[in-house]
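In what follows, a structure is listed as C-alpha cells, so that the remarks can point back to it.
The values are calculated or read from the model by the stated rules, or taken from the named source; none is laboratory data. Remember, predicted model here, so these are calculated numbers, not experimental data. Every residue, glycine among them, receives a Cβ derived from its backbone with ideal geometry; neighbour counts consider all protein chains shown.
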Amino acid sequence: MNMLQTLFPNIDDWGEIGRACIDTLLMLGGSLALTILIGLPLGVLLYLTGKGQLRPMPKLYAITSLLVNILRSVPFIILMIVLMPVTYFLVGTKLGIRGAIPPLVIGAAPFFARLVETALREVQQGVIEASQAMGASLWQIVRHVLLPEARGGLFAGVTVTAIALVGYTAMGGAIGSGGLGDLAYRYGYLSYKSDYMLVTVALLVVLVQLLQMLGDRIVTRYKRR
Amino acid sequence: MIRFVDVHKSYRVDGRDIPALQPFSLDIADGEVFGIIGLSGAGKSTLIRLINLLERPSGGVIFVGDTEMTTLAEPALRAQRRRIGMIFQHFNLLASQTVADNVAFPMRLAGERNAAVLRTRVNELLARVGLTVHADKYPSQLSGGQKQRVGIARALANRPSILLCDEATSALDPQTTASVLELLAEINRELKLTIVLITHEMDVVRRVCDRVAVLDAGMIVEHGAVADVFLHPQHATTRRFVNEALPEEAASELAPFAQVPGRILRLSFRGDTTLTPALGRVARETGIDFNILAGRIDRIKDLPYGQLTLAMQGAGVDAALAALREAGIEIEELSR
C-alpha cells in the first residue's frame with residue numbers, strides 16, 4: 001500500500017477506480033449486446049439488398065447505406081452531443097451508464113453492420129447457389145448458410161466493434177457518462193493528476209488486449225477452411 | 001422426363017441483350033444419362049441451371065415430369081427443387097459443418113427434425129458413397145474426390161428423381177474422375193435416376209452417357225445417342241471433341257494417305273460385331289487385301305466398339321464392303 005502511495009500520490013480512493021472499471025464494463029457489455037442485436041440484421045439487410053445479391057433492391061440499399069455512412073462519418077464525441085435529446089427521450093437521462101448506451105449503440109451499430117456485410121460477402125457464392133438448388137428459402141439461407149459460414153468473420157467483427165466501443169466509452173467520460181474515461185478526463189486532464197491518467201490508460205490497454213485475445217481465440221476456433 | 005420447348009436465354013448487360021442460348025427444344029428421358037458437352041462459354045452452365053430454374057429462361061417452357069417449372073410460385077418451386085439433386089465442380093459444401101451434417105442439410109431444409117431418421121439416412125448415404133469413416137470430419141479435411149462424394153450423398157438425400165452434375169469431375173484428377181463417374185453410373189443403374197451432366201471432356205460423355213447434346217456458342221449443333229455422335233460426328237465442334245478423346249484417330253485423319261495404295265475406309269464396329277471375326281472372314285472369302293492404318297477398340301458406356309481405318313485393295317473390294325455391311329459394320333469412305 002505504501003508503495004502504491006509513493007507511486008501514485010494523488011490516488012486516495014482505489015475503490016473509485018474499481019467502480020469506474022465496472023462502469024466501463026457495464027457500458028461495454030450493454031452497448032455491445034444492443035449493437036449486435038441491431039447491427040447484425042442491418043448488416044444482413046445491406047448484404048441481401050446489395051447489387052447482384054439474393055434480393056437486390058437498389059433504392060433500399062442506397063438509403064440504408066447512406067444512413068450507415070452518415071452515422072459513421074460523425075465523430076463519436078459530436079454524435080453523443082447531437083443525440084442528447086434522443087438519448088433523453090429513450091432512457092430518461094443524458095448521464096451515467098444509461099445515458100451512454102444509446103449513443104454508443106447508435107455510433108457502433110452502423111460500423112458493425114458494415115463489418116457484417118463484408119463478412120457475409122466472403123461466403124462463397126457457390127455454397128449459396130447449392131442451397132438454393134436444395135430448395136432453401138431466403139430465411140433458411142441466412143440462418144443456416146450465411147451466418148454459420150461467415151461466423152469466423154462475424155466474430156472478428158464483434159471483436160473490432162468491442163474494441164471501438166471501449167474507445168467510445170472513454171470518450172463518453174467527457175460528457176458525464178462515468179467509467180474509466182470519465183476518471184481520466186476529470187482527474188487526469190482537468191485536475192492535472194497524471195497518475196490517474198496513467199492508471200486508467202493502463203487499465204484500458206489491458207481491457208483492449210484481453211478483448212483482442214478472446215476474439216482471436218474464438219475466430220481461430222470457428223475458421224475451418 | 002425433362003422437356004425444353006422453344007427455350008432461349010439472354011442476359012441483359014449494360015442495356016443490351018446478350019444471347020446465351022439460342023432457341024432450342026430438347027427431351028431428356030427418365031432414367032437416362034444425358035450429357036451436354038461444350039467449350040467454356042458455350043452456354044452449358046446456363047442450360048443445366050434452367051432445369052431447376054437457378055436460371056430463368058427468357059422465353060419458352062420447361063417441363064420436369066408434368067410440372068411446368070417456369071410458372072411455379074416460389075414455395076412450389078422450392079418443393080420441386082428438393083426433387084432435383086445437384087452437384088458442382090467446386091463441391092460447394094458447407095465448410096462450417098461436418099460431412100454428416102452436410103449430407104443431412106437438405107433433409108433439414110425440407111423440415112425433417114427426427115434425429116434418428118436423419119442419422120439412419122445419412123449413414124445409408126455415406127455407405128453408398130464409401131465415406132462412412134469420414135462422417136465426423138470437416139470438408140477441409142477431405143480430398144477433392146471425397147468432397148465430391150459428399151456432394152453426391154447430399155444431392156441424393158431427399159431421394160430426387162433427377163441429378164444435375166455441373167462439371168462434377170472437372171476439378172478432379174483422372175483416377176478420381178474415373179471413380180466418381182463409376183459411382184454416378186452405379187447410382188443411375190440402381191436408383192433409376194435421370195442424370196444430366198455438363199462437361200467439356202468427351203471422355204466423360206463416352207464413359208457414362210447414353211445420349212449427348214453438343215453445344216457450340218449457345219446452339220445445340222448435334223445431339224443423339226453417344227455411339228452415333230461419337231463414331232460419326234457431323235459438326236466441326238463435335239469432331240474436335242471426339243478427336244480430343246481419340247488422339248490417335250485425329251492423327252490418322254490428318255496423315256497423308258496419298259502414298260498408301262487402295263481405298264481408304266473407316267470401319268465402325270458396335271456391340272456384338274466388335275467381337276466377331278468379320279473382317280478376316282470377309283477378306284478370305286473375297287480375296288481382298290487390307291492394311292490397318294489406325295484403330296482403336298474401347299467401350300462407349302457399356303457398349304464395346306471398334307473403329308479401324310483401313311486401306312483395302314483387290315478386285316473384290318465392293319463385294320467385301322457389301323459383306324461387311326451385311327455383318328452390321330458401318331463403313332465410311334475417307335476422301336483423300
*asked:* Just to be sure before I move on: is residue B:97 within 14 Å of chain A (Cβ to nearest Cβ) and either in a strand (DSSP E or B) or closer than 30 Å to residue B:238 by Cβ (or both) in the structure I sent?
replied: no
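Go through the stretch A:132-144 and count every residue that is within 7 Å of chain B (Cβ to nearest Cβ) and either closer than 16 Å to residue B:107 by Cβ or small (Gly, Ala, Ser) (or both). Show your work before the answer.
Narrowing the stretch A:132-144 to residues within 7 Å of chain B (Cβ to nearest Cβ): A:132-137, A:140.
Those left that are additionally either closer than 16 Å to residue B:107 by Cβ or small (Gly, Ala, Ser) (or both): A:133-137, A:140.
Summing the residues that are within 7 Å of chain B (Cβ to nearest Cβ) and either closer than 16 Å to residue B:107 by Cβ or small (Gly, Ala, Ser) (or both) in the stretch A:132-144 gives 6.
Check whether at least one residue in the stretch A:1-15 is within 22 Å of the chain's Cα centre (by Cα) and in a helix (DSSP H, G or I), and report yes or no.
The first filter runs over the stretch A:1-15 and keeps only residues within 22 Å of the chain's Cα centre (by Cα), leaving none.
Checked the stretch A:1-15: no residue is within 22 Å of the chain's Cα centre (by Cα) and in a helix (DSSP H, G or I).
Among what's in the stretch A:185-225 and is among the aromatic types (Phe, Trp, Tyr) and without any contact (Cβ under 8 Å) to a residue 24 or more places away in the chain, pick the residue that is farthest from the other protein chains (Cβ to nearest Cβ). Give the derivation first.
Here is the first cut: in the stretch A:185-225, the residues among the aromatic types (Phe, Trp, Tyr) are A:185, A:187, A:189, A:192, A:196, A:222.
Filter once more, so that each one left must be without any contact (Cβ under 8 Å) to a residue 24 or more places away in the chain: A:185, A:189, A:192.
On the way: A:185: 44, A:189: 47, A:192: 53 Å.
Selected residue: A:192.
For residues in the stretch B:126-140 being of a type outside the set (Asp, Glu) and within 14 Å of chain A (Cβ to nearest Cβ), which is surrounded by the fewest Cβ atoms within 10 Å (Cβ to Cβ)? Break it down stepwise before answering.
In the first step, residues of the stretch B:126-140 are kept if they are of a type outside the set (Asp, Glu); the result is B:126-135, B:137-140.
Of the ones still in play, those that are also within 14 Å of chain A (Cβ to nearest Cβ) are B:137-140.
Details: B:137: 15, B:138: 18, B:139: 22, B:140: 11.
This residue is B:140.
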*Would you please list the contacts, defined by Cβ atoms under 6 Å and residues six or more apart or on different chains, that run from a residue in the stretch B:271-288 that is touching a residue at least 24 places away in the same chain (Cβ under 8 Å) to a residue that is small (Gly, Ala, Ser) and in a helix (DSSP H, G or I)?*
B:282/B:320; B:282/B:323; B:286/B:319; B:286/B:320; B:288/B:320
*Out of A:63, A:81, report the one residue that is in a helix (DSSP H, G or I) and at pLDDT below 90.*
A:81
_Just to verify a result, which residue in the stretch B:102-124, among those that are within 14 Å of chain A (Cβ to nearest Cβ) and crowded, with 22+ Cβ neighbours inside 10 Å, is farthest from residue B:136 (Cα to Cα)?_
B:109
*Do you know which residues across the stretch B:186-231 are surrounded by fewer than 17 Cβ atoms within 10 Å (Cβ to Cβ), over 11 Å from residue B:38 (Cα atoms) and in contact (Cβ under 8 Å) with a residue 12 or more places away in the chain?*
B:191, B:192, B:224, B:225
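For (1) farther than 23 Å from residue B:181 by Cβ; (2) in contact with a helix residue (DSSP H, G or I) (Cβ under 8 Å, 6 or more places away or on another chain), each residue gets a yes or a no:
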site: B:24; (1), (2): yes, no
site: B:37; (1), (2): no, yes
site: B:45; (1), (2): no, no
site: B:53; (1), (2): yes, yes
site: B:63; (1), (2): yes, yes
site: B:70; (1), (2): yes, no
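Being within 30 Å of residue B:97 (Cβ to Cβ) and part of a helix (DSSP H, G or I) is the filter here; which residues of the stretch A:188-224 pass it? Before you say what the answer is, go through the steps one by one.
Residues of the stretch A:188-224 that are within 30 Å of residue B:97 (Cβ to Cβ), as a first pass: A:211-224.
If the condition is that a residue be within 30 Å of residue B:97 (Cβ to Cβ) and part of a helix (DSSP H, G or I), then A:211, A:212, A:213, A:214, A:215, A:216, A:217, A:218, A:219, A:220, A:221, A:222 are the ones that fit.
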*Just give me the residues in the stretch A:187-225 being among the basic types (Lys, Arg) and touching a Phe, Trp or Tyr at 6+ places or on another chain (Cβ under 8 Å), in sequence order.*
A:193, A:224
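Scan B:67, B:71 and give me the residue that is within 14 Å of chain A (Cβ to nearest Cβ), among the hydroxyl-bearing types (Ser, Thr, Tyr) and within 29 Å of residue B:111 (Cα to Cα).
Details: B:71 fails: within 14 Å of chain A (Cβ to nearest Cβ).
Just one listed residue meets the conditions, B:67.
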*Any chance you could count how many residues in the stretch A:120-130 are more than 7 Å from chain B (Cβ to nearest Cβ), over 25 Å from the mean Cα position of the chain (by Cα) and surrounded by 22 or more Cβ atoms within 10 Å (Cβ to Cβ)?*
0
*Options B:298, B:289: the member that is acidic (Asp, Glu) and under 30 Å from the mean Cα position of the chain (by Cα)*: B:298
*Out of (1) buried (at least 17 other Cβ atoms within 10 Å of the Cβ); (2) within 13 Å of another protein chain (Cβ to nearest Cβ); (3) in contact (Cβ under 8 Å) with a residue 12 or more places away in the chain, what's the single condition that is false for residue B:83?*
(1)
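Have a look at A:147, A:115 and point out the one that is buried (at least 16 other Cβ atoms within 10 Å of the Cβ), within 14 Å of another protein chain (Cβ to nearest Cβ) and either under 24 Å from residue A:220 (Cβ atoms) or of a type in the set (Asp, Glu) (or both).
Being buried (at least 16 other Cβ atoms within 10 Å of the Cβ), within 14 Å of another protein chain (Cβ to nearest Cβ) and either under 24 Å from residue A:220 (Cβ atoms) or of a type in the set (Asp, Glu) (or both) holds for just one of A:147, A:115, which is A:147.
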